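A quick write-up on the structure given underneath.
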Protein chains: 2
Amino acid sequence: MGTASKALSLLNYFSRSTPQIGLSDIARLSGMNKATVHRLMSELASHGFVEQVGAGREYRLGPAFLRLAALREKAVPMRELVMAELKTLSEVTGETAHMSLLNGDVLSNLAYSYAHLHGTMVMMEDAEVLELHSTGSGLAVLAFSPTSFVDTVLNKPLVARTSETITDPKAIRAQLPQIRRVGMAQSIGGFEQDVHSHAAPIFDATSHCIGAMAVAAPVSRMTDTLRTTIQTELAHAARRTTRVLGGFPPDTFPLPDLAAPAAESELT
Amino acid sequence: MGTASKALSLLNYFSRSTPQIGLSDIARLSGMNKATVHRLMSELASHGFVEQVGAGREYRLGPAFLRLAALREKAVPMRELVMAELKTLSEVTGETAHMSLLNGDVLSNLAYSYAHLHGTMVMMEDAEVLELHSTGSGLAVLAFSPTSFVDTVLNKPLVARTSETITDPKAIRAQLPQIRRVGMAQSIGGFEQDVHSHAAPIFDATSHCIGAMAVAAPVSRMTDTLRTTIQTELAHAARRTTRVLGGFPPDTFPLPDLAAPAAESELT
DNA sequence: TCAAGCCGGTTCATTATTTGAACCATTGGT
DNA sequence: ACCAATGGTTCAAATAATGAACCGGCTTGA
């Protein structure tokens, strides 16, 4: 691993729940020497990628990301395009729609849209982290990722988010062929109790899976009608999203059912 | 300069007008060896900081910034807080309000707010680059920056954006004492023809100037009344913004005039 | 009150990584 | 068919990263 990668990898220790970290902590977490971490953090700081907060001299992410994110979004208006799809998807299903991108061996949420239709909704946050094994989105991504990647992910310890989380690698692997067949994954209460989510993979220009689009509804609202609506609408929205981002589903990817309810009955 | 800094500095060659660049171009621009650039870009790419676009294999900024920007904004809701101030500032002045952050020796726009009051407005964009010598915001920042920094900036060649741009370092230096005295800078047509902008510096927790808040109006609309409104409102908004961001103006920074119109007459 | 233990930060001889000229293989224009 | 670009790769030589030990300061608790 090059020096630049080491510096960049330090940024991964900042998260929603750990917005600032001290020098010694980063050294411990990364396994690097304190002197090394200090030098790397200083370099990051000089470019505005991190900054030090007054008191405990802890580090936090810097303002440079706002600028670079704006430039990225200007060059590739992914978020904007995705938001448009999510908005219609949440409106037409009446439930929360969101999209997340693969980042290492984890998904991070890119955007979401609520339907202000019911009193209760599944909540979502930007940059929220979704694990691959416990979420519908994660399963969708796993099913369309190289087996070597799947192996890496499933060989690590899988934490149970809820009592419903499937943590047996074999059980997870067993689900993947069907997800591949229908082009969509489901997870009931695997990540959050009482949440039923459907997810479909999104592909880039080289037909690699880069993330997933999903619709999440409270388990209590999930009827056959809603399930059918979500499945057909999500399939189309995901396809449009892949295309609008300049990507292509792999040749093996199933077409959304127009007249053939076979796949749907298999899903249900 | 460490290796990590070299890698990070490559990101600066991406801009609004140059969203993607080829390997050889980056090597030329940075003066680094092609092999070096290739290795650094590969490391950046492996972390999602850049990505390669299909055809010409050119590089562009990657999706990682969306995630990190969301985390930064969650940890430090600078943009959100600033937006609130800008919104009221643009409403009360009836003109375009914006705020930019110092990034190296250039300002990059963080946020802006239009007043939908007149048929014509000064336009603004996220991550737009503002030079220090040709903009009101830049002058405000220069006036409250260390002299060594001012020297560095003014010793470089100063390009004339318009026929009104002041490119003589001496003339610019001559303006700074008064800007310091009144706590606000003005620029008439220095960056864009027919734009009259007022700008006030923003400070961090260590009283260092980190950027500027500004109000930009068409020259044709600038009356004495509007000027007075802008000056008083901007002074207060900038002060509130500094405070709300956890910063402090330096001890020498003038208080907004409550009952003493002396400073204002000096400004006008 | 004092000492132990933590913190962020620094030093400098040792070590491992980065560097860059020269080299491919492709592509596009003349 | 050629030339001049492009992105990408190689490997000895040069340079930068590393980390154990060290500061001084702060907090803790005996």
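Taking amide H as placed 1.01 Å from N in the peptide plane, A:Asn103 has its amide H under 5 Å from the amide H of A:Ser108, each at least 5 places away in sequence or on another chain.
Highest GNM mean-square fluctuation among A:Thr232, A:Thr120, A:Thr135, for chain A modelled with Cα contacts below 10 Å: A:Thr120.
Of the two radii for segment B:76-267, the radius of gyration is 0.93 times the Kirkwood radius, both from the alpha carbons; that is the Rg over Rh value. Each Lys or Arg adds one and each Asp or Glu takes one away; over the other residues whose Cβ falls under 14 Å from the Cβ of A:Ala160, this sums to -2.
Got a number for the accessible area of A:Lys6? Probe 1.4 Å, square angstrom, nearest 10. For A:Lys6, the solvent-accessible surface is approximately 70 Å². A protection proxy built from the mean count of other Cβ atoms within 10 Å ranks the segments B:22-28, A:207-213, most packed first, as A:207-213, B:22-28. Normalising by residue count, segment B:3-66 has a Cα convex hull of 82 Å³ per residue. Annotation: per residue accessible area for segment A:143-207 equals 50 Å², rounded to a whole number [probe 1.4 Å, protein chains only]. Converting phi to 3J(HN,Hα) with the Karplus coefficients 6.51, -1.76 and 1.60 and the offset θ = phi - 60°, segment A:105-110 yields 10, 8, 9, 10, 6, 9 Hz in sequence order, with x at every glycine or proline. A full extension of the chain between A:Glu91 and A:Lys170 corresponds to an added length of 24.8 nm, given 0.36 nm per residue minus the alpha carbon distance. Residues whose amide H falls under 5 Å from that of A:Val195, counting only those 5 or more places apart or on a different chain, are A:Gly189, A:Val219, with hydrogens built in the peptide plane. With a 10 Å cut-off around each Cβ of B:3-15, the average count of Cβ atoms from other chains is 6. Counting Lys and Arg as +1 and Asp and Glu as -1 over every other residue whose Cβ lies under 15 Å from the Cβ of B:Met41, the net charge comes to +2. Averaging the Cα positions of each part gives two centres, and for segment A:43-97 and segment A:165-223 these lie 25 Å apart. For B:Ala237, the shell of other residues with beta-carbons less than 12 Å away shows a net charge of +1, using +1 for Lys and Arg and -1 for Asp and Glu. Within the accessible area of segment A:84-192, the carbon and sulfur atoms contribute 55%, probe 1.4 Å, all protein chains present. Across every pair of non-identical alpha carbons in the protein assembly as shown, the mean reciprocal distance, once inverted, gives a Kirkwood radius of 25.4 Å. The helix-only estimate of mean residue ellipticity at 222 nm for chain A, built from DSSP H runs of length n ≥ 4 each weighted as -39500 (n - 2.57), is -13000 deg cm²/dmol after division by the residue total. Each Cα pair under 8 Å and six or more residues apart adds its sequence gap; the mean of these over the residue count of chain B is a relative contact order of 14 percent. When each of the peptides B:170-178, A:241-249, A:182-190 is scored by how many other beta carbons lie within 10 Å of its residues on average, the order from highest to lowest is A:182-190, A:241-249, B:170-178. Once R0 is set to 35 Å, what does the formula 1/(1 + (r/R0)^6) return for the Cβ-Cβ distance between B:Lys34 and B:Val106, expressed as a FRET efficiency to the nearest 0.05? Once rounded, the FRET efficiency stands at 0.85. Rolling a 1.4 Å probe across all protein chains gives B:Thr152 an accessible area of roughly 80 Å².
A 1.4 Å probe over all protein chains sorts A:Arg39, A:Arg227 by accessible area into A:Arg39, A:Arg227, starting with the largest. For A:Phe191, the solvent-accessible surface computed with a 1.4 Å probe is close to 50 Å², ligands and nucleic acids excluded.
Residue pairs exceeding 26 angstrom between C-alpha atoms, taken from A:Lys74/B:Lys87; A:Lys156/B:Lys34; A:Lys87/B:Lys74; A:Lys74/B:Lys74; A:Lys6/A:Lys156: A:Lys156/B:Lys34.
Interface between chains A and B: roughly 3800 Å² of accessible area buried, both sides summed (probe 1.4 Å, protein heavy atoms only).
The values are calculated or read from the model by the stated rules, or taken from the named source; none is laboratory data. Keep in mind it's a predicted model, so treat the numbers as computed, not measured. Note that each Cβ is placed from the backbone with ideal geometry, even for glycine, and that neighbours are counted across all protein chains shown. Heads up: the accessible areas ignore ligands, DNA and RNA and are worked out on the full protein's heavy atoms, side chains in. Shrake-Rupley method; radii C 1.70, N 1.55, O 1.52, S 1.80 Å.
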